[in-house]
Amino acid sequence: MIGGGIVGASIAWHLTAAGAAVTLIAEKPSGVATPNSFAWINASWGNPHEYFALRSRSMREWTRLSDAVPDLSLSWQGGICWDLPEHDLLAYAKEHASWGYDIRRIDRDEIAALEPALCDIPPFALHVREEGVAEPVAAVTALVADAGRRGMEVIDGVAVTGLRSGNSGMDVVLADGRTLNARQVVLAAGAGTAALAATLGIDIPLETPPGLLVHSRPIPKLLNGLLLAPELHLRQTAEGRLVAGTDFGGLDPGADPQGAAEGLFAAVRRFVKNGAALEMEAFTIGYRPTPRDGFPVVGPVDGIDHLYLAVTHSGITLAPALGLFAAKEILEKRPEQLLAPYRLARFG
Ligand SMILES: Cc1cc2nc3c(=O)[nH]c(=O)nc-3n(C[C@H](O)[C@H](O)[C@H](O)COP(=O)(O)OP(=O)(O)OC[C@H]3O[C@@H](n4cnc5c(N)ncnc54)[C@H](O)[C@@H]3O)c2cc1C
(Lines give C-alpha, C1' and ligand atoms only; values in the text may rest on other atoms or scores of the structure.)
Protein backbone atom coordinates (compact mmCIF):
# COMPACT_ATOMS: atom_id res chain seq x y z
CA MET A 1 0.00 0.00 0.00
CA ILE A 2 1.59 3.30 -1.06
CA GLY A 3 -0.01 6.39 0.49
CA GLY A 4 -0.92 7.26 4.06
CA GLY A 5 -3.62 9.89 3.46
CA ILE A 6 -7.30 9.19 3.99
CA VAL A 7 -7.65 7.12 0.81
CA GLY A 8 -4.60 4.93 1.45
CA ALA A 9 -5.43 4.57 5.14
CA SER A 10 -8.97 3.46 4.39
CA ILE A 11 -7.96 0.92 1.74
CA ALA A 12 -5.17 -0.38 4.00
CA TRP A 13 -7.62 -0.71 6.90
CA HIS A 14 -10.19 -2.59 4.81
CA LEU A 15 -7.57 -4.96 3.37
CA THR A 16 -6.14 -5.63 6.82
CA ALA A 17 -9.56 -6.12 8.38
CA ALA A 18 -10.34 -8.63 5.61
CA GLY A 19 -7.27 -10.65 6.58
CA ALA A 20 -4.65 -9.49 4.05
CA ALA A 21 -1.01 -8.94 5.09
CA VAL A 22 -0.51 -5.22 4.43
CA THR A 23 2.52 -2.94 4.56
CA LEU A 24 1.64 0.75 4.38
CA ILE A 25 4.37 2.99 2.94
CA ALA A 26 3.86 6.72 3.37
CA GLU A 27 6.43 9.43 2.93
CA LYS A 28 4.17 11.72 4.96
CA PRO A 29 2.11 9.96 7.63
CA SER A 30 -1.47 11.37 7.70
CA GLY A 31 -1.19 12.40 4.06
CA VAL A 32 -0.52 15.56 2.09
CA ALA A 33 -3.92 16.79 0.85
CA THR A 34 -5.72 15.15 3.75
CA PRO A 35 -4.53 17.38 6.64
CA ASN A 36 -5.30 20.48 4.53
CA SER A 37 -8.84 19.46 3.62
CA PHE A 38 -12.13 21.14 4.48
CA ALA A 39 -13.32 17.58 5.13
CA TRP A 40 -17.01 17.98 4.32
CA ILE A 41 -18.73 14.61 3.78
CA ASN A 42 -21.45 15.14 1.23
CA ALA A 43 -23.24 14.18 -1.98
CA SER A 44 -24.11 17.79 -2.81
CA TRP A 45 -24.96 19.57 -6.08
CA GLY A 46 -23.17 19.54 -9.40
CA ASN A 47 -22.71 15.84 -10.05
CA PRO A 48 -24.42 13.22 -12.23
CA HIS A 49 -26.55 10.59 -10.56
CA GLU A 50 -23.95 7.81 -10.82
CA TYR A 51 -21.43 9.92 -8.88
CA PHE A 52 -24.13 10.94 -6.38
CA ALA A 53 -24.79 7.22 -5.85
CA LEU A 54 -21.12 6.53 -5.03
CA ARG A 55 -20.87 9.54 -2.72
CA SER A 56 -24.08 8.84 -0.83
CA ARG A 57 -23.09 5.19 -0.45
CA SER A 58 -19.80 6.37 1.02
CA MET A 59 -21.64 8.62 3.47
CA ARG A 60 -23.39 5.51 4.78
CA GLU A 61 -20.10 3.60 4.85
CA TRP A 62 -18.63 6.28 7.16
CA THR A 63 -21.16 5.24 9.78
CA ARG A 64 -20.20 1.58 9.41
CA LEU A 65 -16.52 2.47 9.66
CA SER A 66 -16.99 4.60 12.76
CA ASP A 67 -18.73 1.66 14.44
CA ALA A 68 -15.70 -0.52 13.67
CA VAL A 69 -12.84 1.90 14.36
CA PRO A 70 -12.44 3.71 17.68
CA ASP A 71 -11.84 7.50 17.76
CA LEU A 72 -12.66 8.21 14.13
CA SER A 73 -13.83 11.77 14.94
CA LEU A 74 -16.92 11.79 12.78
CA SER A 75 -19.72 14.30 13.19
CA TRP A 76 -23.06 14.26 11.35
CA GLN A 77 -23.69 17.93 12.05
CA GLY A 78 -25.69 18.74 8.90
CA GLY A 79 -25.12 21.56 6.42
CA ILE A 80 -27.04 24.69 5.46
CA CYS A 81 -26.53 25.59 1.82
CA TRP A 82 -27.39 28.80 -0.06
CA ASP A 83 -24.38 29.13 -2.33
CA LEU A 84 -26.35 29.08 -5.59
CA PRO A 85 -28.78 31.51 -7.25
CA GLU A 86 -32.37 30.88 -6.13
CA HIS A 87 -33.40 29.04 -9.31
CA ASP A 88 -30.41 26.67 -9.15
CA LEU A 89 -30.85 26.11 -5.42
CA LEU A 90 -34.45 25.01 -5.95
CA ALA A 91 -33.47 22.79 -8.89
CA TYR A 92 -30.75 21.17 -6.71
CA ALA A 93 -33.26 20.52 -3.92
CA LYS A 94 -35.80 19.01 -6.30
CA GLU A 95 -33.29 16.78 -8.07
CA HIS A 96 -31.55 15.52 -4.93
CA ALA A 97 -34.81 14.97 -3.03
CA SER A 98 -35.94 12.77 -5.92
CA TRP A 99 -32.65 10.85 -5.54
CA GLY A 100 -33.35 10.26 -1.83
CA TYR A 101 -31.06 12.94 -0.33
CA ASP A 102 -32.35 14.16 3.01
CA ILE A 103 -32.67 17.76 1.80
CA ARG A 104 -35.32 20.34 2.66
CA ARG A 105 -35.99 24.03 2.27
CA ILE A 106 -35.77 26.09 5.43
CA ASP A 107 -36.79 29.71 5.94
CA ARG A 108 -35.11 32.65 7.63
CA ASP A 109 -36.47 31.87 11.11
CA GLU A 110 -35.31 28.27 11.01
CA ILE A 111 -31.87 29.26 9.71
CA ALA A 112 -31.53 31.76 12.57
CA ALA A 113 -32.63 29.11 15.07
CA LEU A 114 -30.15 26.55 13.72
CA GLU A 115 -27.26 29.02 13.51
CA PRO A 116 -27.81 31.96 15.86
CA ALA A 117 -24.26 33.24 15.29
CA LEU A 118 -24.91 34.15 11.63
CA CYS A 119 -24.89 37.90 10.88
CA ASP A 120 -26.82 38.00 7.61
CA ILE A 121 -29.59 35.44 7.41
CA PRO A 122 -30.65 34.60 3.85
CA PRO A 123 -34.40 34.50 3.09
CA PHE A 124 -34.20 30.75 2.56
CA ALA A 125 -31.66 27.95 2.30
CA LEU A 126 -31.45 24.17 2.04
CA HIS A 127 -30.73 21.99 5.03
CA VAL A 128 -29.12 18.57 4.62
CA ARG A 129 -29.19 16.84 7.97
CA GLU A 130 -27.16 13.84 6.79
CA GLU A 131 -24.02 15.77 5.79
CA GLY A 132 -21.05 15.75 8.11
CA VAL A 133 -17.37 16.03 8.75
CA ALA A 134 -14.52 13.67 9.56
CA GLU A 135 -11.63 15.47 11.21
CA PRO A 136 -9.07 14.29 8.66
CA VAL A 137 -5.90 13.78 10.69
CA ALA A 138 -7.77 12.14 13.56
CA ALA A 139 -9.55 9.84 11.10
CA VAL A 140 -6.32 8.74 9.39
CA THR A 141 -4.58 8.26 12.73
CA ALA A 142 -7.46 6.13 14.00
CA LEU A 143 -7.56 3.98 10.84
CA VAL A 144 -3.79 3.36 10.83
CA ALA A 145 -3.70 2.67 14.57
CA ASP A 146 -6.57 0.19 14.34
CA ALA A 147 -5.08 -1.54 11.28
CA GLY A 148 -1.78 -1.69 13.21
CA ARG A 149 -3.53 -3.47 16.07
CA ARG A 150 -4.84 -5.92 13.47
CA GLY A 151 -1.33 -6.64 12.15
CA MET A 152 -0.60 -4.02 9.47
CA GLU A 153 3.03 -2.88 9.18
CA VAL A 154 3.91 0.76 8.52
CA ILE A 155 6.98 2.25 6.83
CA ASP A 156 6.79 6.03 7.04
CA GLY A 157 9.12 8.90 6.31
CA VAL A 158 10.50 7.15 3.21
CA ALA A 159 9.64 7.93 -0.41
CA VAL A 160 8.99 5.31 -3.04
CA THR A 161 11.08 6.24 -6.09
CA GLY A 162 9.81 3.68 -8.58
CA LEU A 163 7.79 0.57 -9.34
CA ARG A 164 8.87 -2.44 -11.42
CA SER A 165 6.44 -5.02 -12.64
CA GLY A 166 7.44 -8.69 -12.61
CA ASN A 167 5.88 -12.13 -12.92
CA SER A 168 5.77 -12.83 -9.22
CA GLY A 169 4.60 -9.40 -8.12
CA MET A 170 5.67 -5.77 -8.12
CA ASP A 171 9.00 -4.38 -6.91
CA VAL A 172 8.71 -1.21 -4.85
CA VAL A 173 11.94 0.77 -4.83
CA LEU A 174 12.48 2.99 -1.78
CA ALA A 175 14.62 6.11 -1.52
CA ASP A 176 16.66 4.52 1.30
CA GLY A 177 17.96 1.86 -1.13
CA ARG A 178 15.61 -0.97 -0.17
CA THR A 179 13.48 -2.82 -2.70
CA LEU A 180 10.38 -4.58 -1.42
CA ASN A 181 8.45 -7.16 -3.39
CA ALA A 182 4.66 -7.16 -3.11
CA ARG A 183 2.11 -9.56 -4.57
CA GLN A 184 -0.17 -6.55 -5.02
CA VAL A 185 0.61 -2.83 -4.93
CA VAL A 186 -2.14 -0.34 -4.19
CA LEU A 187 -1.07 3.09 -5.39
CA ALA A 188 -3.02 5.73 -3.46
CA ALA A 189 -0.37 8.40 -3.24
CA GLY A 190 -2.60 11.44 -3.89
CA ALA A 191 -0.81 14.03 -6.00
CA GLY A 192 2.24 11.71 -6.07
CA THR A 193 0.29 8.97 -7.84
CA ALA A 194 0.94 10.14 -11.40
CA ALA A 195 4.73 10.28 -10.98
CA LEU A 196 4.89 6.76 -9.52
CA ALA A 197 2.52 5.36 -12.17
CA ALA A 198 4.74 6.94 -14.83
CA THR A 199 7.63 4.70 -13.69
CA LEU A 200 5.48 1.83 -15.07
CA GLY A 201 4.69 3.75 -18.25
CA ILE A 202 1.16 4.57 -17.08
CA ASP A 203 -0.25 8.03 -17.80
CA ILE A 204 -2.74 9.35 -15.26
CA PRO A 205 -4.12 12.76 -16.25
CA LEU A 206 -4.00 14.35 -12.83
CA GLU A 207 -4.27 17.99 -11.85
CA THR A 208 -3.38 19.38 -8.44
CA PRO A 209 -5.12 22.75 -7.98
CA PRO A 210 -4.13 24.59 -4.79
CA GLY A 211 -6.72 25.46 -2.17
CA LEU A 212 -6.16 27.92 0.66
CA LEU A 213 -8.15 27.61 3.88
CA VAL A 214 -7.98 29.90 6.93
CA HIS A 215 -8.11 28.60 10.50
CA SER A 216 -9.03 30.65 13.56
CA ARG A 217 -7.68 30.10 17.04
CA PRO A 218 -10.01 27.75 18.95
CA ILE A 219 -13.12 29.40 20.37
CA PRO A 220 -16.06 28.05 22.37
CA LYS A 221 -18.78 26.40 20.29
CA LEU A 222 -20.19 28.96 17.86
CA LEU A 223 -21.58 26.93 14.95
CA ASN A 224 -23.88 23.92 15.00
CA GLY A 225 -23.13 22.68 11.48
CA LEU A 226 -21.57 23.40 8.10
CA LEU A 227 -22.38 26.70 6.40
CA LEU A 228 -22.21 26.84 2.60
CA ALA A 229 -22.79 30.45 1.66
CA PRO A 230 -22.02 32.28 -1.61
CA GLU A 231 -19.10 34.19 -0.09
CA LEU A 232 -17.55 31.35 1.91
CA HIS A 233 -17.85 27.84 3.24
CA LEU A 234 -17.33 27.60 6.99
CA ARG A 235 -17.30 25.01 9.73
CA GLN A 236 -16.06 24.64 13.28
CA THR A 237 -13.65 21.79 14.04
CA ALA A 238 -13.90 19.39 16.94
CA GLU A 239 -11.16 21.47 18.66
CA GLY A 240 -13.15 24.69 18.20
CA ARG A 241 -11.31 26.29 15.27
CA LEU A 242 -13.32 27.95 12.51
CA VAL A 243 -12.12 26.73 9.10
CA ALA A 244 -13.13 28.58 5.95
CA GLY A 245 -12.52 28.75 2.23
CA THR A 246 -14.15 30.78 -0.51
CA ASP A 247 -15.61 27.34 -1.05
CA PHE A 248 -14.77 23.96 0.46
CA GLY A 249 -12.00 23.41 -2.14
CA GLY A 250 -10.20 26.50 -0.93
CA LEU A 251 -9.20 29.83 -2.40
CA ASP A 252 -6.56 30.11 -5.13
CA PRO A 253 -3.65 31.60 -3.13
CA GLY A 254 -2.29 33.52 -6.13
CA ALA A 255 0.98 35.41 -5.79
CA ASP A 256 0.23 36.71 -2.28
CA PRO A 257 -1.08 33.85 -0.10
CA GLN A 258 -0.74 35.88 3.13
CA GLY A 259 -2.81 38.71 1.68
CA ALA A 260 -5.37 36.27 0.27
CA ALA A 261 -5.65 34.58 3.67
CA GLU A 262 -6.11 37.90 5.48
CA GLY A 263 -8.82 38.94 3.00
CA LEU A 264 -10.63 35.64 3.49
CA PHE A 265 -10.34 35.84 7.27
CA ALA A 266 -11.81 39.36 7.18
CA ALA A 267 -14.83 37.84 5.40
CA VAL A 268 -15.14 35.23 8.19
CA ARG A 269 -15.12 38.05 10.79
CA ARG A 270 -17.97 39.79 8.95
CA PHE A 271 -19.90 36.54 8.62
CA VAL A 272 -20.47 35.72 12.31
CA LYS A 273 -21.57 37.77 15.31
CA ASN A 274 -18.70 39.13 17.42
CA GLY A 275 -16.42 38.15 14.54
CA ALA A 276 -14.09 41.06 15.28
CA ALA A 277 -12.78 39.08 18.25
CA LEU A 278 -11.69 36.14 16.06
CA GLU A 279 -7.96 35.62 15.57
CA MET A 280 -6.42 33.85 12.60
CA GLU A 281 -4.15 31.06 13.79
CA ALA A 282 -2.90 29.87 10.40
CA PHE A 283 -3.70 29.35 6.78
CA THR A 284 -3.05 26.15 4.85
CA ILE A 285 -2.58 25.47 1.18
CA GLY A 286 -3.52 21.98 0.07
CA TYR A 287 -3.15 20.51 -3.40
CA ARG A 288 -6.22 18.54 -4.41
CA PRO A 289 -5.41 15.38 -6.37
CA THR A 290 -7.97 15.77 -9.16
CA PRO A 291 -8.18 13.50 -12.22
CA ARG A 292 -8.69 15.65 -15.32
CA ASP A 293 -12.46 15.05 -15.61
CA GLY A 294 -13.01 15.61 -11.88
CA PHE A 295 -13.92 12.01 -11.08
CA PRO A 296 -11.96 9.29 -9.27
CA VAL A 297 -9.50 6.93 -10.90
CA VAL A 298 -9.94 3.60 -9.12
CA GLY A 299 -9.20 0.02 -10.02
CA PRO A 300 -6.75 -2.28 -11.74
CA VAL A 301 -4.91 -1.12 -14.86
CA ASP A 302 -5.35 -2.99 -18.14
CA GLY A 303 -2.15 -4.81 -19.07
CA ILE A 304 -0.35 -4.24 -15.74
CA ASP A 305 -0.60 -7.02 -13.19
CA HIS A 306 -0.28 -6.60 -9.42
CA LEU A 307 -1.34 -2.94 -9.44
CA TYR A 308 -4.46 -1.18 -8.18
CA LEU A 309 -4.94 2.61 -8.41
CA ALA A 310 -6.95 4.91 -6.17
CA VAL A 311 -6.69 8.65 -6.64
CA THR A 312 -9.46 11.17 -6.27
CA HIS A 313 -10.71 14.54 -5.23
CA SER A 314 -13.41 14.35 -2.49
CA GLY A 315 -11.30 11.70 -0.81
CA ILE A 316 -12.71 12.51 2.62
CA THR A 317 -16.23 11.76 1.41
CA LEU A 318 -15.23 8.76 -0.67
CA ALA A 319 -12.61 7.02 1.49
CA PRO A 320 -14.88 4.47 3.24
CA ALA A 321 -16.54 3.29 0.01
CA LEU A 322 -13.26 3.23 -1.90
CA GLY A 323 -11.67 1.24 0.93
CA LEU A 324 -14.50 -1.27 1.05
CA PHE A 325 -14.76 -1.70 -2.72
CA ALA A 326 -11.00 -1.77 -3.38
CA ALA A 327 -10.51 -4.50 -0.78
CA LYS A 328 -13.30 -6.56 -2.38
CA GLU A 329 -12.01 -6.06 -5.90
CA ILE A 330 -8.44 -6.96 -4.90
CA LEU A 331 -9.17 -9.91 -2.62
CA GLU A 332 -12.27 -11.37 -4.26
CA LYS A 333 -11.65 -10.22 -7.87
CA ARG A 334 -15.28 -9.08 -8.05
CA PRO A 335 -15.78 -5.77 -9.92
CA GLU A 336 -17.94 -3.25 -8.04
CA GLN A 337 -20.63 -1.69 -10.24
CA LEU A 338 -20.45 1.71 -8.51
CA LEU A 339 -16.78 1.94 -9.53
CA ALA A 340 -17.37 0.99 -13.18
CA PRO A 341 -17.37 4.62 -14.47
CA TYR A 342 -14.07 5.39 -12.76
CA ARG A 343 -11.52 3.12 -14.41
CA LEU A 344 -8.35 4.66 -15.86
CA ALA A 345 -9.25 3.20 -19.27
CA ARG A 346 -11.90 5.93 -19.79
CA PHE A 347 -9.09 8.34 -20.68
CA GLY A 348 -8.13 6.09 -23.60
C1 LIG B 1 -8.30 22.68 0.39
C2 LIG B 1 -8.93 21.33 0.20
C3 LIG B 1 -10.26 21.15 0.53
C4 LIG B 1 -10.86 19.90 0.35
N5 LIG B 1 -12.16 19.73 0.75
C6 LIG B 1 -12.71 18.51 0.68
C7 LIG B 1 -14.01 18.30 1.22
O8 LIG B 1 -14.64 19.20 1.77
N9 LIG B 1 -14.54 17.05 1.14
C10 LIG B 1 -13.86 16.01 0.55
O11 LIG B 1 -14.41 14.91 0.49
N12 LIG B 1 -12.62 16.19 0.05
C13 LIG B 1 -12.03 17.40 0.10
N14 LIG B 1 -10.78 17.61 -0.38
C15 LIG B 1 -10.12 16.51 -1.10
C16 LIG B 1 -9.52 15.49 -0.15
O17 LIG B 1 -8.89 16.12 0.94
C18 LIG B 1 -8.54 14.64 -0.93
O19 LIG B 1 -9.22 14.01 -2.01
C20 LIG B 1 -7.94 13.55 -0.05
O21 LIG B 1 -7.37 14.11 1.12
C22 LIG B 1 -6.89 12.79 -0.83
O23 LIG B 1 -6.38 11.82 0.03
P24 LIG B 1 -5.24 10.88 -0.45
O25 LIG B 1 -5.03 9.87 0.61
O26 LIG B 1 -5.53 10.38 -1.82
O27 LIG B 1 -3.96 11.82 -0.66
P28 LIG B 1 -2.95 12.61 0.38
O29 LIG B 1 -3.67 12.98 1.60
O30 LIG B 1 -2.35 13.64 -0.45
O31 LIG B 1 -1.92 11.48 0.74
C32 LIG B 1 -0.99 11.01 -0.20
C33 LIG B 1 -0.07 10.04 0.52
O34 LIG B 1 0.79 9.45 -0.43
C35 LIG B 1 2.12 9.59 0.03
N36 LIG B 1 3.04 9.65 -1.10
C37 LIG B 1 2.95 10.40 -2.22
N38 LIG B 1 3.98 10.15 -3.03
C39 LIG B 1 4.74 9.22 -2.39
C40 LIG B 1 5.94 8.56 -2.69
N41 LIG B 1 6.61 8.79 -3.84
N42 LIG B 1 6.45 7.68 -1.79
C43 LIG B 1 5.81 7.41 -0.63
N44 LIG B 1 4.65 8.00 -0.30
C45 LIG B 1 4.13 8.90 -1.16
C46 LIG B 1 2.12 10.89 0.81
O47 LIG B 1 3.26 11.01 1.64
C48 LIG B 1 0.82 10.71 1.57
O49 LIG B 1 0.98 9.86 2.68
C50 LIG B 1 -10.13 18.82 -0.19
C51 LIG B 1 -8.79 18.98 -0.49
C52 LIG B 1 -8.18 20.22 -0.29
C53 LIG B 1 -6.71 20.38 -0.57
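The values are calculated or read from the model by the stated rules, or taken from the named source; none is laboratory data. Owing to the predicted nature of the structure, the values given are computational and were not obtained by experimental measurement. Counting neighbours? That spans all protein chains shown, and the Cβs are built from the backbone with ideal geometry, glycine included. Side chains included, ligands, DNA and RNA excluded: accessible areas come from the protein's heavy atoms. Shrake-Rupley method; radii C 1.70, N 1.55, O 1.52, S 1.80 Å.
Once you have a ≥ b ≥ c as the square roots of the Cα gyration tensor eigenvalues for segment 1-49, tell me rounded if a/c is under 1.5, and otherwise prolate or oblate according to whether a/b is larger than b/c.
oblate
Which whole-number percent is the relative contact order of the chain (Cα, under 8 Å, 6+ apart)?
25 percent
For segment 1-114, which whole percent of the accessible surface, found with a 1.4 angstrom probe, sits on carbon and sulfur atoms?
The value for segment 1-114 is 51 percent carbon and sulfur by accessible area.
Please compute the length gained on full extension between R104 and Y287, using 0.36 nm multiplied by the number of residues separating them and subtracting their Cα-Cα distance.
This chain segment gains 62.6 nm when fully extended.
Quote the FRET efficiency, to the nearest 0.05, computed for A97 versus E207 with a Förster distance R0 of 41 Å and r equal to the Cβ-Cβ distance.
Efficiency at R0 = 41 Å is approximately 0.80.
Where the centroid of each part is defined by its Cα atoms, how far is segment 119-171 from segment 308-328 in Å?
About 9 Å separates the Cα centre of segment 119-171 from the one of segment 308-328.
May I ask you to list the lysines whose Cα is less than 25 Å away from that of K273, ignoring any residue fewer than eight positions away on the same chain?
Filter leaves K221.
Using +1 at the C-beta of Lys and Arg and -1 at the C-beta of Asp and Glu, which of P123, S30, P85 has the Cα lying farthest in the positive direction of the dipole of the chain?
Positive-most Cα among the choices belongs to S30.
Using a 1.4 Å probe and counting only protein heavy atoms, arrange K328, K28 so the residue with the most accessible area comes first.
K28, K328
Starting from the residue with the highest accessible area, list R60, R346, R183 in decreasing order, probe 1.4 Å.
From most accessible down to least: R183, R60, R346.
What does the charge dipole of the chain about its Cα centre add up to, to the nearest 20 debye, if the Cβ of each Lys and Arg holds +1 and the Cβ of each Asp and Glu holds -1?
600 debye
For the pair D305/R183, report the inter-label distance in nm, with labels modelled 7 Å from Cα in the Cβ direction.
Going by the 7 Å Cα→Cβ label model, 1.3 nm.
With a 1.4 Å probe and all protein chains kept in place, how much accessible area does L74 have, in Å² rounded to the nearest 10?
The accessible area comes out at roughly 40 Å².
Rolling a 1.4 angstrom probe over the protein heavy atoms, how many square angstrom per residue are accessible across the chain?
Per residue, the chain has an accessible area of 42 Å².
When only the heavy atoms of the protein chains count and the probe is 1.4 Å, how do S58, S66 rank by accessible area, highest first?
So, going from the largest accessible area down, we get S66, S58.
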